[in-house]
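Novice: Right, I'll just put the structure down here and ask away after.
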Amino acid sequence: MSKLSFLNFFYLPVLLAGYYLGKRSALATSVASVFLITLFFLVWPDYMTGQRFVLDTLVDIAIWAFFLLLAGLLIGTLYEQKQNKVEQLKLAYVGILEILSKYLDSYDRHTQGHSVRVSRLATEIAIYLNLPRQTVENIRVAGLLHDIGKADISLDILQKSAKLSKQEKDLMDSHSENGAKILGLVGDVLQESIPIVQAHHKNYLSKDIENVPMEARIISVADAYDAMVSDRPYRQAKTPWQAMEEIEKETGKKFDPAVIEALKSVITRIAEDPIGVPSIGL
C-alpha cells in the first residue's frame, strides 16, 4: 500500500463540513488539511525523500490537494443551493400562514391584523432575548396561529360586549387546546408550534410553569399587549404606556419577568426609532 494512501482520509472531514456547514467551511477544512500535510513533510522530509521518485510524490500530493479543494467546493456549493431553496420555501410557507391568519382575523373586525402584530412583536422580543434562530422562527409561526382555535367559536361570543357567562368563558378559554388539536391535524409541518399555541395562556404562577416553553411565555405577553392597545367591543384601546403599566402589574404573576423586561426595551426602541419597524400597536 502506498505511503500516501492515508491522504484519502482527509476527504471525510471536508465532505462533512461541506454537507453540514457550507462552502466556506468546506474550503477552510480543505486548506487546513493541505497545510497540515505540507507541514508534515517539512518536519519529516525523510518520509517523502526516502521514496524512489520524489517528483512523483510531489505530483501526487498536488493532485490530491486539488481534488480535496474541488470536493469541498462542490459539496459546499450544493449545500448552499439546498439551503437557498429551503429558505425560499420557508418564506412562501410563512407568507401562506400570514394570509391564513389575516383571513381568520377578518372573521372579527375588532381583531383584524391581531395575529400578524402579535407574531411581529413576539419575534422582536425573541430577537432581543438572543434566542436561537430556529426558536425565533417557531415563535413567529406560533404567533400567526395562536388564535386559530377561535375559528370554532361563535362570532356572537367573540364580539360580545357584556360579561361572558361561565359556559361562554370556558369555551373561549378552550381555544388554546382547540388550536393545538387543529395544528396537530397538519402532521409534522407545524409540530413545533403545537406546544406553544397550547400553552400561550398559561399563567407564570401555574404549577407546571417549568413545562411551559419560553416561546409560549413570549406569545402570552405579546398577545396581551396587542389586545390592550387595540379597540375591543367592551372597551377602547389603551396607549402603549398604559398597556405596559397594566402588564407590569402582572410581572411574576401572570407573565414571565424576563419577557416583560424584553417587551419594555422593544417598545421603547420602537417608540424612539419607528422608521422601518413593523407596526405593532404604536
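The values are calculated or read from the model by the stated rules, or taken from the named source; none is laboratory data. Computed from a predicted structure; not experimentally measured. Cβ: placed from backbone, ideal geometry, glycine included. Neighbour counts: every protein chain shown.
Novice: Please determine whether any residue of segment 100-111 is modelled with pLDDT of 70 or more and assigned to a helix (DSSP H, G or I).
Specialist: In the first step, residues of segment 100-111 are kept if they are modelled with pLDDT of 70 or more; the result is none.
Checked segment 100-111: no residue is modelled with pLDDT of 70 or more and assigned to a helix (DSSP H, G or I).
Novice: Going through segment 216-262 one residue at a time, which ones are at pLDDT below 85 and not basic (Lys, Arg)?
Specialist: Ser230, Asp231, Pro233, Tyr234, Gln236, Ala237
Novice: Same structure, new question: Confirm whether Pro278 is of a type outside the set (Phe, Trp, Tyr), at pLDDT below 85 and either in contact with a Lys or Arg (Cβ under 9 Å, 6 or more places away or on another chain) or closer than 16 Å to Thr123 by Cα (or both). Don't jump to the end; show me each part of the working.
Specialist: On the way: of a type outside the set (Phe, Trp, Tyr): yes; at pLDDT below 85: yes; either in contact with a Lys or Arg (Cβ under 9 Å, 6 or more places away or on another chain) or closer than 16 Å to Thr123 by Cα (or both): yes.
Taking the combined requirement at face value, the residue satisfies it.
Novice: Can you confirm whether Ala271 is buried (at least 16 other Cβ atoms within 10 Å of the Cβ), more than 20 Å from the chain's Cα centre (by Cα), outside any loop (DSSP other than H, G, I, E, B) and modelled with pLDDT under 90? Even if it seems obvious, please write down each step before you answer.
Specialist: On the way: buried (at least 16 other Cβ atoms within 10 Å of the Cβ): no; more than 20 Å from the chain's Cα centre (by Cα): yes; outside any loop (DSSP other than H, G, I, E, B): yes; modelled with pLDDT under 90: yes.
Against the criterion (buried (at least 16 other Cβ atoms within 10 Å of the Cβ), more than 20 Å from the chain's Cα centre (by Cα), outside any loop (DSSP other than H, G, I, E, B) and modelled with pLDDT under 90), Ala271 does not qualify.
Novice: Look at segment 187-219 and say how many of its residues are part of a helix (DSSP H, G or I) and under 17 Å from the mean Cα position of the chain (by Cα).
Specialist: Total meeting the criteria: 16.
A quick yes/no check of all residues on (1) assigned to a helix (DSSP H, G or I); (2) at pLDDT 80 or above; (3) not assigned by TED's automatic domain parsing to the domain that holds Ile139:
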| residue | (1), (2), (3) |
| --- | --- |
| Leu36 | yes, yes, yes |
| Phe41 | yes, no, yes |
| Met48 | yes, no, yes |
| Gln51 | no, no, yes |
| Asp56 | yes, no, yes |
| Asp60 | yes, no, yes |
| Ala65 | yes, yes, yes |
| Glu87 | yes, no, yes |
| Glu98 | yes, no, yes |
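Novice: I've got another one for you. Report every pair of residues separated by at least 6 positions or lying on different chains whose Cβ atoms are under 8 Å apart, first residue within segment 252-264 and on the phi > 0 side of the Ramachandran plot, second surrounded by fewer than 21 Cβ atoms within 10 Å (Cβ to Cβ).
Specialist: Sorted first by the residue in segment 252-264, then by its partner, the pairs are Gly252/Tyr204; Gly252/Leu205.
Novice: OK, next. Residue check: is Arg120 at pLDDT 70 or above and either of a type in the set (Val, Ile, Thr) or surrounded by 15 or more Cβ atoms within 10 Å (Cβ to Cβ) (or both)? Walk me through how you get there before you give the answer.
Specialist: Details: at pLDDT 70 or above: yes; either of a type in the set (Val, Ile, Thr) or surrounded by 15 or more Cβ atoms within 10 Å (Cβ to Cβ) (or both): yes.
So Arg120 fits the description; yes.
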